[in-house]
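The values are calculated or read from the model by the stated rules, or taken from the named source; none is laboratory data. If you're wondering where the values come from, they're calculated on a predicted model, not measured in any experiment. When we count neighbours, we look across all protein chains shown, and the Cβ atoms used for this are built from the backbone with ideal geometry, even at glycine. Protein only, heavy atoms only, side chains kept; ligands, DNA and RNA dropped before computing areas. Shrake-Rupley method; radii C 1.70, N 1.55, O 1.52, S 1.80 Å.
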Amino acid sequence: RVVYVDNDPLVLVHARALLTSSPEGRTDHVDEDVRNVDSVLEHTARTLDLSRPVALMLLDVMAFVGDAEDPYGIVRRLMDALPAGSHLVLSHTITGPGWADVDTAAAYWNVHGTPRLTQRTPEAITRFFDGLDLLEPGVVSCTRWRPESTGDDAGEPEEVAMYCGVAAKRR
């Protein structure tokens, strides 16, 4: 069973057209903002059994939640509602030394696009996993999260300005 949560009207149009269910499983979509945790959980519980482990996947979502909107509290409340055995998968655009081009692109976006983008350092992204058991290799560039070996001597993949991590809720 899968539930997609988004508040982008275009995404929801595609969801209505493409997301279908079968006897083996169920897919649903919720028109909601991640900031509205109670509503997200209420709607999600209509499709998912929240007494059983769940994978909460926040893929470049929290970058659109500003620091003043308590992004860490939002993730904590979502994970608190899930049982032991659940996992958090989170990716987030970063800022830091060596990423001036990314910072420039984010600044341009924040002048011309919506919603506003909040970049965070890798250390700030790691805070989203507080209280959870972060899996190896931790919070790293998405290209470096367990890259598959190509069998050649290409070495480690090039780092990108999108970091990710996976953590388990043990208790």
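A compact table of results
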| quantity | calculated |
| --- | --- |
| Within the chain, helix-based [θ] at 222 nm, where runs of 4 or more DSSP H residues each add -39,500 (n - 2.57), nearest 500 | -7500 deg cm²/dmol |
| Carbon/sulfur fraction of accessible area - the stretch 23-171, other protein chains in place, 1.4 Å, % | 52 |
| Descending semi-axes in whole angstrom, ellipsoid equivalent of the stretch 55-171, from the Cα gyration tensor | 24, 23, 10 |
| DSSP beta bridges in the stretch 25-171 [antiparallel fraction, %, rounded to 5] | 65 |
| Per-residue ³J(HN,Hα) for the stretch 63-72, Karplus 6.51 cos²θ - 1.76 cosθ + 1.60, θ = phi - 60°, Hz, x for Gly and Pro | 5, 9, 10, x, 4, 5, 9, 6, x, 5 |
| Tilt relative to the chain, helix 9-18 - C-alpha long axis, 0 to 90 degrees, to 10 | 60 |
| Placed amide H near MET57: partners under 5 Å, 5+ positions off or other chain | VAL89 |
| Amide hydrogen neighbours beyond the local backbone of VAL3, cut-off 5 Å, H modeled | ASP28 |
| Accessible surface, per residue, of the chain when the full set of protein chains is kept, probe 1.4 Å, Å² | 60 |
| Positive-end extreme of charge dipole, the stretch 2-157 - chosen from LEU135, PRO9, TYR108 (charges on Cβ) | PRO9 |
| Per-residue HN-Hα couplings for the stretch 107-113 [Karplus 6.51, -1.76, 1.60; θ = phi - 60°; Hz; x = Gly/Pro] | 5, 4, 4, 5, 7, 10, x |
| Sites LEU18 and ASP67, calculated FRET efficiency, Cβ-Cβ separation with R0 35 Å, nearest 0.05 | 0.55 |
